[in-house]
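Here's the structure, in structure tokens; my notes come after.
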Amino acid sequence: MDMDIGFRLRLIRLRHQFSQRTLAKRAGVANATISLIESGNTSPSVSALKRILAGIPMTLGEFFSDELPGMQSEVFYRAETLTEISGGEGISYRQIGSAKAGHALQILYETYQVGADTGMIMLQHEGEEGGVIINGQLEVTVGGSTRVLGVGDAYYFNSREQHRFRNVGNQVCTLVSSCSPPSF
């Protein structure tokens, strides 16, 4: 998906009623940085964009998938329009729909390559999450319980419990998951 980052940043900044100077001050960057990005004269690094968005405040997921003024709310989504919002080595999280502030639900199409793992440090955040395995196998650990799930199997738990996901199978694992409230 092609996206004019400068144009999007300008619309979002104006929607929040910030001048370039105000956003620059809130983000701890030079005024010229905001101006150069918005005019398309420079393309920010991911870390620079994250820093600027922290001044709004807004996450990268919200920035790339937020509905801008004048845009109709989408109902249907083609696979190629899903927004990659995060992931790690061998993991892809593609968001379905908008992540704008105020949405109560986040839906992800997740892909775990063989051996991919969310890491030894367990995940933990507010809310609830669930998912259904579409292809492959996924080891899911919640609290002290671990289970290997296969096609059609599902999970649902309180996300305040420590959790971890790992592809222990010999093929790519895909699943659709949901989290409320959004955690990315």
So Lys25, is it at pLDDT 85 or above, surrounded by 12 or more Cβ atoms within 10 Å (Cβ to Cβ), farther than 15 Å from Arg10 by Cβ and within 16 Å of the chain's Cα centre (by Cα): no
Residue within the range 138-152 that is loosely packed, with under 15 Cβ neighbours inside 10 Å and either touching a Pro at 6+ places or on another chain (Cβ under 6 Å) or in contact (Cβ under 8 Å) with a residue 24 or more places away in the chain (or both) present: no
Contacts under 7 angstrom Cβ, first residue in the range 15-28 being touching a residue at least 24 places away in the same chain (Cβ under 8 Å), partner surrounded by fewer than 18 Cβ atoms within 10 Å (Cβ to Cβ) and of a type in the set (Lys, Arg), 6 or more apart: Ala27/Arg51; Gly28/Arg51
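Every residue, every condition in (1) surrounded by 17 or more Cβ atoms within 10 Å (Cβ to Cβ); (2) among the β-branched types (Val, Ile, Thr); (3) part of a loop (DSSP other than H, G, I, E, B), yes or no:
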site	(1), (2), (3)
Val114	no, yes, yes
Met120	no, no, yes
Gly130	no, no, no
Ile133	yes, yes, no
Gln171	no, no, yes
Val176	no, yes, no
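One line per residue, one yes/no per condition, for (1) modelled with pLDDT of 95 or more; (2) closer than 17 Å to Thr59 by Cβ:
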| site | (1), (2) |
| --- | --- |
| Ile91 | no, no |
| Gly127 | no, yes |
| Val140 | yes, no |
| Ser183 | no, yes |
Any chance Ser45 is under 16 Å from Phe64 (Cα atoms), free of Cβ contacts under 8 Å to residues at least 12 places away in the same chain and surrounded by fewer than 16 Cβ atoms within 10 Å (Cβ to Cβ): yes
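Name every residue in the range 26-40 that is out of contact with any Lys or Arg (no Cβ under 8 Å at 6 or more places or on another chain) and in a loop (DSSP other than H, G, I, E, B), in order of residue number.
The first filter runs over the range 26-40 and keeps only residues out of contact with any Lys or Arg (no Cβ under 8 Å at 6 or more places or on another chain), leaving 26, 30, 32-33, 35-37, 39-40.
The answer is Ala30, Ser39, Gly40.
The values are calculated or read from the model by the stated rules, or taken from the named source; none is laboratory data. Since we're looking at a predicted model, the values are computed, not measured. Using ideal geometry, Cβ is built from the backbone for each residue, glycine included, and neighbour counts are taken over all protein chains shown.
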